[in-house]
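Below is one structure, written out as structure tokens, with a few remarks after it.
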Amino acid sequence: MVSQFIKLEWKAFFRSASFGKSIGIKIFMGLFALYFIVMFLGAGLVLYPGLKKQFPDQEPLYILNSVLFYWILIDLVFRFFFQKLPVMAVKPLLILPVKRSKVVNYVLGKSALSFFNFLPLFAIVPFGVMLLVKNYPVASVLSWMLAVVLTTLIINFLNFIIESFSAETEFSFLPIIAFTGSLYALNHFNLVSFNTIVGSGFNAIYENPVYVLIPLFILVGLYLFNKKLLTQKLFLDSGLKTKVKEVKASNLEWTKNFGDIAPFLKLDLKLIWRNKRTKSSVLMLAMGLFYGLFFYPNPQFKNLEIIFIFVGIFSTGIFLINFGQFIPAWDSAYYKLLMSQNLKYEQYLKSKFTLMAISVGILFVLGIPYVFFGWKILVAHFAAAIYNVGVNTHVILLGGSFNRKKIDLSQKAAFNYQGTGAVQWLIGIPLLLLPMGLFALFYYLVNFEMACAIIAGLGIVGAVLHKPFMKAITAKYLDSKYKMIDAFDQDN
Amino acid sequence: MILTSNLSKKYAGNQVLNIETLEIPKGQSFGLVGNNGAGKTTYFSLLLDLIKPTTGHITNNNIQVNESEDWKPFTSAFIDESFLIGYLTPEEYFYFIGELRNQNKADVDALVGQFEDFFHGEILGQKKYLRDLSKGNQKKAGIVAALIGNPEVVILDEPFANLDPTTQIRLKAIVKDLAETKGITVLISSHDLLHVTDVCERIVVLEKGEIVKDLQTSEATLKELEAHFAN
């Protein structure tokens, strides 16, 4: 039976419509994975001698144990965003003579083979070997290593439980942030010192290997809980009954002020507010807005003006980048309708343009408090905002005409690569690097004021040329109409 | 009204449609039947300029559809669910289509109000998004949306599929009324020979992309079609 499942997976992977197309993303993910492997391997090799050197009078293993709590928290957050329960297409199996528990066990078992569960081994094995070489008791070291592996699996299954609960809430990453955040806070303010509890737990396992049974029991418990959750979901109606929420329709009358683009503007606002994926990218706005706080409080960047323009472009343009890069794929589900309807392509694009331009304005205003870190920052942000409105909006709309990937609106956004193609990576160059390069050039050749003026000036030129730009972009979209319709028709 | 000449469509050398000439006069209710892969949806897609013809062209009211977009104001269609916007309620969807077709809310309300029977109380005022409606109800909304804005040409791809018997009967009455009293050119494709002979004045049979029969509907048509498809 299991071999049948594996065959199904194999075919699903190699016969998927996007196989080959998304090879770029796979390479990117591969490099990412390789990077982490090297990092963990390095950590595993350096950890023992390093700790010994830094804290000569303490036991390296105990020091490591005392910080394992933080590893657990970080791993949980990371997995939440990157690791998905490896579901298989279960629906056709429901009526076949396959026991439900078998399907569930297979799916859960497969998740144990995730890359995330192997990653700690790259650090733990060299560390453990080093302990053995230094003549630590073999049974103790092995049971400690086993405990770490079990903990990894505990995190693995805990993550799926959190995910299954957060899938039902509107803002999908609130539960994980709340959960890990409160654990961290409890620990940080010494209300409950998880740090010590986890640390002494691992110490105890090291001293008395029998205690390794405790994580084992926890793991089994979590596995069974997961199994229960999943088995409940293996009915068709449990998937159907969830969403019968009443819709609060709003008519958005105020959009009338925008004249002939009003219907599209209304549609776009509803698109953003009523779909999971777009909704969670609204949350990204907050991230973009506070992005400057990573740099500005740090005195190191105080006089590094180039960073101002980067943060300026990014924080006033976060919506533009996030939303704009998937024009027109947002409308891919009903693209055929739009193309056969009585609509002017130009109005359709102009609505997107207006939305992005307004967002830049709002984000700039919200970012004004950055003036606290120096007036130069505000000036640079202002120049960046003008550049965003005048140049980047057009660039990203033009980029959209190369868009050939459909988007499923009901999926959540964070680290969702659906709809991402080479265009999305390439477009970053004109969007971010070009203004930064120009800014740097004039900054070093002339001065800060001149560099800002150049960036703002380009933005103004772009805004003045808005009409001819839009004409050219519209022509480009019309040109690739058939290709887009065809591409949006395919499931990937 | 609709004139097709030398139209063909090939995919990777595979001919899926080849129509030398086909003329559909104004106000005709026109039925297209054929087995799977006969080219029905391909023809409708070409008519809506959603795919590019390999050779030939279609003119809709003397406008060549792949050259100009001026056919759009008087042509409307419901081909499949990709013509629906899932995150809108049916009402919002009707108003959106209405706005694109220069109809105000009152116009849309008046038109949609005529179809209360057809909706059977399952579409309006449900406070549900289109994506959460059943297949049949989605189809009802899509078909009615295709009638908004006084179109002169209405194209419906398999409108009877997925509908319950009551709704099928009501839809037949609606389609007949469109062609007979309002002079609208209606193009329908269907796998249901009985429905299509009931509704359409003229029926064209496609087979592997070619027209093999072109019949004015009469008493004998259903028998003839059944005999044709039995082989």
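Based on the alpha-carbon gyration tensor of the range A:43-122 and its eigenvalue square roots a ≥ b ≥ c, which shape applies: rounded if a/c is under 1.5, prolate if not and a/b is larger than b/c, or oblate?
Numbers: a/c = 4.14, a/b = 3.64, b/c = 1.14.
Taking the square roots of the gyration eigenvalues as a ≥ b ≥ c, the range A:43-122 is prolate.
Any idea what angle helix A:466-479 forms with the longest principal axis of chain A, computed on alpha-carbon atoms, 0 to 90 degrees, nearest 10?
Computed tilt is about 70 degrees.
Name the residues whose placed amide hydrogens come within less than 5 Å of the amide hydrogen of B:GLU207, ignoring near sequence neighbours (fewer than 5 apart) on the same chain.
B:VAL212
To the nearest 20 debye, what is the magnitude of the charge dipole of the protein assembly as shown about its Cα centre, counting +1 on the Cβ of each Lys and Arg and -1 on the Cβ of each Asp and Glu? Don't jump to the answer; show the numbers that get you there.
Values: 66 positive and 54 negative charges, 388 e Å.
For this selection, approximately 1860 debye.
Out of A:ASN203, A:LEU113, A:ASN135, whose Cα points farthest toward the positive end of the dipole of the range A:2-241 (charges: +1 Lys, Arg; -1 Asp, Glu; placed on Cβ)?
Highest projection toward the positive end goes to A:LEU113.
Taking R0 as 56 Å, what's the FRET efficiency between A:LEU216 and A:GLU253 from their Cβ-Cβ distance, rounded to 0.05?
Details: r = 62 Å, r/R0 = 1.10.
Given R0 = 56 Å and the Cβ-Cβ separation, E is 0.35.
Most fluctuating residue of B:GLU92, B:GLU219, B:GLU180 in a GNM of chain B with Cα springs under 10 Å: which is it?
Comparing B:GLU92, B:GLU219, B:GLU180 in a Gaussian network model of chain B, the most mobile one is B:GLU219.
Kindly write out, for the range A:57-73 in residue order, the coupling ³J(HN,Hα) from the Karplus curve 6.51 cos²θ - 1.76 cosθ + 1.60 (θ = phi - 60°), rounded to whole Hz, with x marking Gly and Pro.
Here the 3J(HN,Hα) series is 9, 10, 7, x, 4, 5, 4, 4, 4, 6, 10, 4, 4, 5, 4, 4, 4 Hz.
Stretched out fully, how many nm does the piece from B:LYS127 to B:GLU20 gain, at 0.36 nm a residue minus the Cα gap?
Values: separation 107, 0.36 × 107 = 38.52 nm, distance 4.80 nm.
Full extension of this stretch gives 33.7 nm more.
What's the longest bit of chain A with no exposed GluC sites (Glu not before Pro), using DSSP loop states and at most 12 other Cβ atoms within 10 Å as the test?
On the way: sites that count: A:GLU168, A:GLU170, A:GLU246.
Counting at most 12 other Cβ atoms within 10 Å as exposed, the longest clean stretch of chain A is A:247-492.
Using 0.36 nm times the number of residues separating A:VAL464 and A:ALA43, minus their current alpha carbon distance, what extension gain do you get?
On the way: separation 421, 0.36 × 421 = 151.56 nm, distance 5.45 nm.
Gain on extension, A:VAL464 to A:ALA43, equals 146.1 nm.
What are the ³J(HN,Hα) couplings of the range A:200-205, residue after residue, when phi is run through the Karplus curve with 6.51, -1.76, 1.60 and θ = phi - 60°? Round to Hz, x for glycine and proline.
Along the range A:200-205, the couplings run 6, x, 5, 4, 4, 4 Hz.
Which whole-Hz couplings ³J(HN,Hα) result when phi for each residue of the range A:320-334 is put into the Karplus expression 6.51 cos²θ - 1.76 cosθ + 1.60, θ = phi - 60°, listed in order with x for Gly and Pro?
Each residue of the range A:320-334 in turn: 3, 5, 5, 7, x, 5, 10, 6, x, 5, 3, 9, 5, 5, 10 Hz.
What percent does the relative contact order of the range B:2-230 come to when contacts are Cα pairs within less than 8 Å and at least six residues apart?
Details: 403 pairs, mean separation 65.6, N = 229.
Over the range B:2-230, the number comes to 29 percent.
Select from B:GLY142, B:GLY113, B:GLY98 the residue whose mean-square fluctuation is largest in a Gaussian network model of chain B (Cα-Cα springs shorter than 10 Å).
The residue that fluctuates most here is B:GLY113.
With r as the distance between the Cβ atoms of A:LYS11 and B:ASN150 and R0 = 41 Å, compute the FRET efficiency 1/(1 + (r/R0)^6) and round to 0.05.
Values: r = 50 Å, r/R0 = 1.22.
That gives a FRET efficiency of 0.25.
Could you tell me how far the Cα centroid of the range B:174-231 sits from the Cα centroid of the range A:102-121, in Å?
56
Taking the Cα centre of chain B as the origin, how large is its charge dipole in debye, to the nearest 20, when only Lys and Arg (+1) and Asp and Glu (-1) carry charge on their Cβ atoms? Show your work: numbers first, answer last.
Values: 22 positive and 32 negative charges, 70 e Å.
The dipole of chain B has a size of about 340 debye.
Rounded to the nearest 10 degrees, what's the angle between the helix A:345-366 long axis and the longest principal axis of chain A, both from Cα atoms, 0 to 90?
Between the helix axis and the principal axis of chain A, the angle is about 60 degrees.
For A:VAL365 and A:GLN232 in one chain, what is 0.36 nm times their gap in residues minus the Cα-Cα distance, to one decimal in nm? List each step's numbers first, then the result.
Numbers: separation 133, 0.36 × 133 = 47.88 nm, distance 4.82 nm.
Contour length minus the Cα-Cα distance gives 43.1 nm.
Go through B:THR41, B:LEU171, B:SER218 and say which Cα lies farthest out towards the positive end of the charge dipole of chain B; charges sit on Cβ, +1 for Lys and Arg, -1 for Asp and Glu.
Toward the positive end, the furthest listed residue is B:THR41.
So what's the range A:253-489 giving for Cα Rg divided by 2.2 N^0.38 Å, two decimals?
1.03
Residues of the range A:123-140 with amide nitrogen under 11 Å from the 7 Å Cα-to-Cβ point of A:ASP57?
none
Counting other Cβ atoms within 10 Å, which GluC sites (Glu not before Pro) in the range B:1-87 have at most 14 and lie in a DSSP loop? Provide the component values of the computation, followed by the final result.
On the way: sites: B:GLU20, B:GLU23, B:GLU67, B:GLU69, B:GLU81; in loops: B:GLU67, B:GLU69.
Listed in order of number, the matching sites are B:GLU67.
Take the alpha carbon gyration tensor of chain A, find the square roots of its eigenvalues, order them as a ≥ b ≥ c, and report rounded if a/c is under 1.5; if not, report prolate when a/b exceeds b/c, else oblate. Please list the in-between numbers first.
Values: a/c = 2.25, a/b = 1.40, b/c = 1.61.
Oblate, because a/c is 1.5 or more while a/b does not exceed b/c.
Starting from the range B:91-131, pick out the trypsin sites (Lys or Arg not before Pro) whose DSSP state is loop and whose Cβ has at most 15 other Cβ atoms within 10 Å. Intermediate results must be reported in sequence, preceding the final value.
Numbers: sites: B:ARG101, B:LYS105, B:LYS127, B:LYS128, B:ARG131; in loops: B:ARG101, B:LYS127, B:LYS128.
When the trypsin sites (Lys or Arg not before Pro) of the range B:91-131 are filtered for loop state and at most 15 Cβ neighbours within 10 Å, B:LYS127 remain.
Dipole of the range A:56-143, Cα-centred, from +1 at each Lys and Arg C-beta and -1 at each Asp and Glu C-beta, to the nearest 20 debye?
Values: 8 positive and 3 negative charges, 164 e Å.
Result for the range A:56-143 is approximately 780 debye, rounded to the nearest 20.
Please identify the helices of chain B, taking whole runs of DSSP H, that span at least 27 Å along their own axis as judged from the Cα atoms and have a mean Kyte-Doolittle score of -0.5 or higher. Intermediate values should be presented prior to the final figure.
Working: long enough: none.
Going by DSSP H runs, there are no hits.
Please check: in the Gaussian network model of chain B (C-alpha springs, under 10 Å), which one of B:LEU17, B:LEU133, B:LEU32 has the largest mean-square fluctuation.
Fluctuation is largest for B:LEU133.
Find, to one decimal place in angstroms, the Kirkwood hydrodynamic radius of the range A:2-241, where the mean of 1/r is taken over every pair of different Cα atoms and then inverted. Provide the component values of the computation, followed by the final result.
Numbers: mean 1/r = 0.0496 Å⁻¹.
Computed over Cα pairs of the range A:2-241, the Kirkwood hydrodynamic radius comes out at 20.2 Å.
Rounded, prolate or oblate: which one fits the range A:95-179, using the alpha carbon gyration tensor with axes a ≥ b ≥ c (rounded when a/c is under 1.5, else prolate when a/b beats b/c, else oblate)? Each step should come with its number before you reach the end.
Numbers: a/c = 3.58, a/b = 1.72, b/c = 2.08.
The shape class here is oblate.
Relative contact order of the range A:2-241: what whole-number percent is it, with Cα pairs under 8 angstrom and at least 6 residues apart?
Values: 178 pairs, mean separation 67.5, N = 240.
Over the range A:2-241, the number comes to 28 percent.
Mind pulling the angle between the C-alpha long axis of helix A:448-464 and the longest principal axis of chain A? Nearest 10 degrees, somewhere in 0 to 90.
60
Please report the antiparallel percentage of the DSSP beta bridges confined to the range B:118-213, to the nearest 5.
On the way: 3 of 8 bridges.
Roughly 40 percent of the DSSP beta bridges within the range B:118-213 come out antiparallel.
Trypsin sites (Lys or Arg not before Pro), restricted to the range B:1-43: which are DSSP loop and have at most 14 other Cβ atoms within 10 Å?
On the way: sites: B:LYS9, B:LYS10, B:LYS26, B:LYS40; in loops: B:LYS26.
For trypsin sites (Lys or Arg not before Pro) across the range B:1-43 that sit outside H, G, I, E and B with at most 14 neighbouring Cβ atoms in 10 Å, the list reads B:LYS26.
Provide, for q = 0.13, 0.17 Å⁻¹, the log10 of I(q)/I(0) from a solvent-free Debye sum over equal Cα point scatterers in chain B.
Log10 of I(q)/I(0), two decimals: -0.78, -1.30.
Rounded to the nearest 500 deg cm²/dmol, what is the calculated helix-only ellipticity per residue at 222 nm for the protein assembly as shown, with -39500 (n - 2.57) per DSSP H run of length n ≥ 4? If you can, show how the numbers build up before the last one.
Numbers: 31 runs with 414 residues, N = 723.
Mean residue ellipticity, 222 nm, calculated: -18500 deg cm²/dmol.
For chain A, calculate the relative contact order in percent as a whole number, restricting contacts to Cα pairs under 8 Å that are 6 or more residues apart. Intermediate values should be presented prior to the final figure.
On the way: 498 pairs, mean separation 75.0, N = 492.
Normalised by residue count, the contact order of chain A is 15 percent.
Of the DSSP beta bridges with both residues in the protein assembly as shown, give the percent that are antiparallel, rounding to the nearest 5. Mind showing how you got there, number by number?
Values: 22 of 40 bridges.
Bridges in the protein assembly as shown that DSSP calls antiparallel: roughly 55 percent.
All of the numbers you see were taken from the coordinates with simple rules; none came from a lab. What you see is a predicted model; the values in this text were computed from it and never measured. In this analysis, Cβ positions are derived from the backbone assuming ideal geometry, glycine residues included, and neighbour counts consider all displayed protein chains.
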